[in-house]
1. Please specify each residue of the stretch 40-78 satisfying the condition of being of a type in the set (A, V, I, L, M, F, W, C) and farther than 19 Å from residue 9 by Cβ.
2. Do we have residue 2 as in a loop (DSSP other than H, G, I, E, B), among the small types (Gly, Ala, Ser) and at pLDDT below 90 here?
3. Mind checking whether some residue in the stretch 109-125 is in contact with a Cys (Cβ under 7 Å, 6 or more places away or on another chain) and at pLDDT 95 or above?
4. Quick one: which helices (runs of 4 or more DSSP H) lie wholly within the stretch 55-160 and hold at least 3 residues that are in contact with a helix residue (DSSP H, G or I) (Cβ under 6 Å, 6 or more places away or on another chain) and surrounded by 13 or more Cβ atoms within 10 Å (Cβ to Cβ)?
5. Can you tell me which residue in the stretch 37-54 is modelled with the lowest pLDDT, limited to those that are open to solvent by 40 Å² or more (accessible area, probe 1.4 Å) and of a type in the set (Phe, Trp, Tyr)?
6. Report, ordered by the first and then the second residue, all pairs with beta carbons closer than 8 Å, sequence separation of six or more or different chains, a first member in the stretch 44-66 that is under 17 Å from residue 31 (Cα atoms), and a second member that is small (Gly, Ala, Ser) and crowded, with 19+ Cβ neighbours inside 10 Å.
Amino acid sequence: MAQINANAEPFADLPPIFARLLEAKAKKGLSFEAIGKAIGHDEVWVAALFYGQAKATPEELAKLGELLEVPTSSLTAEIGEGWFPRRGLGPVPPQDPLIYRLFEGVLVYGTPIKALIHEKFGDGIMSMIDCKVNVEKKPDPKGDRVVLTFDGKFLPYLRW
């Protein structure tokens, strides 16, 4: 069975149950997508939950516990009603190469994307609260491509 070092990044600042969830996921051989289907959520939301970036309801914790054979009482005790995510894990700039490249993408393309959003929608922001994220694999003869979609609600700035 895969063992997760709960004292290593990104787990050091998270309740130990998250490492236990990933170990149970590995033991069962389940993908985030399969877990999402079982508990009624998208794979990105499930991955966010497993890394302490989303908050599950008591019902979702019960389904998760049953699926992964992790006691619901443990889940509820560590990440139940009294726990809230501290979103935005890790150092800035990120040390992980993949996360750094996403960060770099925002640094390089952030201002052009902002200009395009303002041009198409007006003065405002894209919500990351009311946002769906999708990760797709797109075959390409030169090497598979990663397609990331951020489907966020536009929120105009108020004028008063």
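The values are calculated or read from the model by the stated rules, or taken from the named source; none is laboratory data. Model, not experiment: these values are computed from the prediction. Glycine gets a Cβ as well: all are built from the backbone with ideal geometry, and neighbour counts include every protein chain shown. In case anyone asks, the SASA skips ligands and DNA or RNA and just uses the protein heavy atoms, side chains included. Shrake-Rupley method; radii C 1.70, N 1.55, O 1.52, S 1.80 Å.
1. The answer is 44, 45, 46, 56, 61, 62, 64, 67, 68, 70, 75, 77.
2. Details: in a loop (DSSP other than H, G, I, E, B): yes; among the small types (Gly, Ala, Ser): yes; at pLDDT below 90: yes.
So residue 2 fits the description; yes.
3. At the first step, the residues of the stretch 109-125 found to be in contact with a Cys (Cβ under 7 Å, 6 or more places away or on another chain) are none.
The answer is no; no qualifying residue exists.
4. Values: elements: 58-68, 72-79, 97-121.
In the stretch 55-160, the matching helices (runs of 4 or more DSSP H) lie at 58-68, 72-79.
5. Going through the qualifying residues, I end up with 51.
6. Pairs that qualify, where the first residue is under 17 Å from residue 31 (Cα atoms) and the partner is small (Gly, Ala, Ser) and crowded, with 19+ Cβ neighbours inside 10 Å, are 49/56; 64/56.
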